[in-house]
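The values are calculated or read from the model by the stated rules, or taken from the named source; none is laboratory data. For clarity, every value in this text was computed on a predicted model and none was experimentally measured. Quick reminder, even Gly has a Cβ in these numbers, built from the backbone with ideal geometry, and neighbours come from all protein chains shown. Accessible surface areas use protein heavy atoms only, side chains included; no ligands, DNA or RNA. Shrake-Rupley method; radii C 1.70, N 1.55, O 1.52, S 1.80 Å.
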Amino acid sequence: MENEKNSRGQWGSNFGFLMAAIGSAVGLGNIWGFPYKMGASGGFAFLIVYIGLVAFAGIAIMLGELALGRKTGYGVIGTYKLLSKKFAWVGWLGFLSGFLILAFYSVLGGYTLRYAIGFLMEIFSAGAGFGGLGSGAFFGAFTTNGASQIIYHLLFMGITVAIVMGGISSGIERFTKIAMPVLFGMLLIVIIRSVTLEGAMTGVSFMFAPNFAAFSEIGFMKVLKTAAGQMFFSLSLGMGCMITYGSYLSKSENLEKNAVIIPIADSIFALCAGLAVMPAVGAFMSQGVEGISFGAGPGLLFVTLHQVFSAGMGGLIGDLFGFLFYFLVFIAAVTSAISLLEVCTAYFVDKDVQKGTSGNRKKHTMIVGAIIFLVGIPVCLDGLGAGRAGGAMIDIPATMFGMSEVRMAFDCWLDFYDMIAEGVFMPLGAILMSVMIGWVLKTDVIKEEIEVGGLKMKSFRFWEICFKYIVPIVITFVLFGQLDDFFGLGIF
Ligand code: PFF
């Protein structure tokens with residue numbers, strides 16, 4: 001039985017809520033994206049920009065989203081509908097972002113499961129987990145094997161659906177309350193191993209050495225847009241996830257405190273993930289192990305790190321740490337995926353509740369999960385673009401729109417979904433939210449909600465300046481930055 005006050009559900013405790021929200025924030029974005037982006041974009045200099053963005057934009061948006069959700073008591077679509085007729089459609093941007101991101105996130109989550117199982121099997125019998133193939137060869141073979149990816153995508157989605165079906169306190173909260181502390185413990189073990197390897201300092205300095213020259217070499221604007229995009233994705237902002245999680249919070253909880261704790265915890269996790277990954281890469285790179293370098297970019301998680309554990313550490317220790325690491329990434333991905341699915345499920349549960357019925361969460365979760373699984377299948381079938389003969393998947397002659405410089409092409413389905421969701425819908429949804437709250441409905445809406453339980457909103461003036469002025473500027477950067485990346489507009 002849910003210990004819930006109404007048929008939508010409610011968090012059993014503030015700690016449970018925090019674990020779920022931090023679980024949503026900590027995911028592939030932290031462990032995969034953050035270390036290599038930080039290393040490639042100025043190290044410590046990037047970190048300062050990132051922290052500045054979190055302090056002046058991330059926390060403000062987080063507080064706005066949590067307060068909006070708790071005020072209306074609905075998910076992202078219900079919230080916008082209730083607040084403004086004019087902005088009602090913005091909720092759909094959030095819903096569709098969650099839907100599309102989960103479609104490819106689940107495929108990648110399936111990869112982490114495959115790698116965790118692979119290393120587990122290697123512990124018992126050498127060659128059983130990865131067929132005796134090298135890191136690059138195995139990744140190539142796996143990503144071009146559609147059936148195998150679909151099975152792991154199905155498993156990952158099945159686990160996600162099973163948790164969300166359980167409801168807010170008995171499903172999501174119960175899982176994340178255990179998973180998050182375990183995750184942190186596992187991360188600490190990997191960090192200790194990683195930083196004590198011979199040559200580890202090469203990796204530490206790759207990540208942390210202040211390189212202000214990056215600002216002029218890469219361009220300050222480029223660094224800013226990379227950090228801003230990373231912050232949005234990593235904090236699960238701009239698509240109604242925190243609106244949805246906020247809607248299950250009790251009126252007596254302190255939103256201001258929560259809105260600070262979640263971003264701080266997420267940033268600590270990101271730094272810890274960097275300390276788990278980069279020193280190991282640096283160590284084996286400096287020891288001359290083949291195929292290991294900092295320059296791997298997105299290939300870091302599955303190719304470089306696989307090589308770190310299999311060829312670098314090697315033997316039983318390598319297999320054990322490989323399993324521990326990929327299992328940890330898998331757990332982090334699950335706790336994020338459940339929040340993405342909840343964004344979509346909440347819409348249907350809310351509709352039932354509005355009709356006066358108790359809300360058939362189990363049925364809705366299964367149907368939505370099944371549809372997202374189907375939408376993710378094309379991502380499994382195109383070898384991430386590598387297996388395609390004859391160029392890009394979608395190639396629209398940009399001259400059609402009179403923009404001869406622009407290349408409107410996507411190499412694979414993952415890029416295509418990512419462009420629509422992360423590139424357009426998420427930043428657009430966030431800009432509209434800040435305009436709606438900051439300029440149309442007025443910021444008192446948030447203040448009143450924060451103070452509803454009798455607490456005084458201490459940071460109102462500061463928050464208002466961040467939300468009305470800094471946030472729209474930062475999001476505009478994200479929006480143009482993403483479009484620049486996808487279409488090569490050459491803005492930055
Ligand atoms: N924050 C997650 C990560 O860093 O991997 C991804 C994510 C989850 C984005 C939930 C958006 C969201 F609503």
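If Gly52 meets every condition in (1) surrounded by fewer than 24 Cβ atoms within 10 Å (Cβ to Cβ); (2) among the small types (Gly, Ala, Ser); (3) within 23 Å of Asp352 (Cα to Cα) apart from one, which number is that one?
(3)
Could you list, in sequence order, the residues of region 272-294 that are surrounded by fewer than 17 Cβ atoms within 10 Å (Cβ to Cβ) and either touching a residue at least 24 places away in the same chain (Cβ under 8 Å) or within 19 Å of Ile189 (Cβ to Cβ) (or both)?
Ser286, Gln287
Report the residue count in region 195-238 for those that are buried (at least 22 other Cβ atoms within 10 Å of the Cβ) and among the polar types (S, T, N, Q).
Going through region 195-238 one residue at a time, the tally reaches 4.
Need a quick list: helices (runs of 4 or more DSSP H) entirely within region 1-86 having at least 3 residues that are among the β-branched types (Val, Ile, Thr).
Because the criterion is at least 3 residues that are among the β-branched types (Val, Ile, Thr), the helices (runs of 4 or more DSSP H) in region 1-86 that meet it are 44-53, 59-72, 76-83.
Can you confirm whether Gly73 is without any contact (Cβ under 8 Å) to a residue 40 or more places away in the chain, more than 13 Å from the ligand (Cβ to nearest atom), farther than 30 Å from His306 by Cα and surrounded by fewer than 21 Cβ atoms within 10 Å (Cβ to Cβ)?
So Gly73 does not fit the description; no.
Which of the residues spanning region 239-260 are within 16 Å of the ligand (Cβ to nearest atom) and not in a helix (DSSP H, G or I)?
Correct list: Met239, Gly240, Ser247, Tyr248.
Name the single residue that is most open to solvent (accessible area, probe 1.4 Å) among those in region 298-324 being out of contact with any Gly (no Cβ under 9 Å at 6 or more places or on another chain) and away from the ligand (no atom under 16 Å from the Cβ).
Leu316
I'd like to verify a number: residues in region 336-358 that are open to solvent by 10 Å² or more (accessible area, probe 1.4 Å) and either among the aliphatic types (A, V, I, L, M) or part of a helix (DSSP H, G or I) (or both), how many?
Counting residues in region 336-358 that are open to solvent by 10 Å² or more (accessible area, probe 1.4 Å) and either among the aliphatic types (A, V, I, L, M) or part of a helix (DSSP H, G or I) (or both) gives 8.
For residues that are modelled with pLDDT under 90, of a type outside the set (Gly, Ala, Ser) and under 25 Å from Tyr50 (Cα atoms), tally how many sit in region 258-313.
The number of residues fulfilling the criteria is 3.
Name every residue in region 332-350 that is over 20 Å from Phe373 (Cβ atoms) and either of a type in the set (A, V, I, L, M) or within 11 Å of the ligand (Cβ to nearest atom) (or both), in order of residue number.
Of everything in region 332-350, just one residue is over 20 Å from Phe373 (Cβ atoms) and either of a type in the set (A, V, I, L, M) or within 11 Å of the ligand (Cβ to nearest atom) (or both), namely Ala332.
Going by what's in this entry, would Leu63 be described as among the hydrophobic types (A, V, I, L, M, F, W, C) and in contact (Cβ under 8 Å) with a residue 60 or more places away in the chain?
On the way: among the hydrophobic types (A, V, I, L, M, F, W, C): yes; in contact (Cβ under 8 Å) with a residue 60 or more places away in the chain: yes.
For Leu63, the condition - among the hydrophobic types (A, V, I, L, M, F, W, C) and in contact (Cβ under 8 Å) with a residue 60 or more places away in the chain - is met.
Just need a number here: residues in region 121-169 that are surrounded by fewer than 18 Cβ atoms within 10 Å (Cβ to Cβ), among the hydrophobic types (A, V, I, L, M, F, W, C), in contact (Cβ under 8 Å) with a residue 24 or more places away in the chain and more than 21 Å from Ala337 (Cβ to Cβ).
Counting residues in region 121-169 that are surrounded by fewer than 18 Cβ atoms within 10 Å (Cβ to Cβ), among the hydrophobic types (A, V, I, L, M, F, W, C), in contact (Cβ under 8 Å) with a residue 24 or more places away in the chain and more than 21 Å from Ala337 (Cβ to Cβ) gives 1.
For the structure I just gave you, tell me whether Lys257 is in contact (Cβ under 8 Å) with a residue 12 or more places away in the chain and among the charged types (D, E, K, R). Reasoning before the result, please.
Details: in contact (Cβ under 8 Å) with a residue 12 or more places away in the chain: no; among the charged types (D, E, K, R): yes.
Against the criterion (in contact (Cβ under 8 Å) with a residue 12 or more places away in the chain and among the charged types (D, E, K, R)), Lys257 does not qualify.
Among the residues of region 261-269, is there at least one that is of a type in the set (Ser, Thr, Tyr), open to solvent by 10 Å² or more (accessible area, probe 1.4 Å) and either at positive phi or within 16 Å of the ligand (Cβ to nearest atom) (or both)?
For region 261-269, residues of a type in the set (Ser, Thr, Tyr), open to solvent by 10 Å² or more (accessible area, probe 1.4 Å) and either at positive phi or within 16 Å of the ligand (Cβ to nearest atom) (or both): present.
In region 81-103, what residues are open to solvent by 10 Å² or more (accessible area, probe 1.4 Å) and not hydrophobic (A, V, I, L, M, F, W, C)?
Hits for region 81-103 are Lys81, Ser84, Lys85, Lys86.
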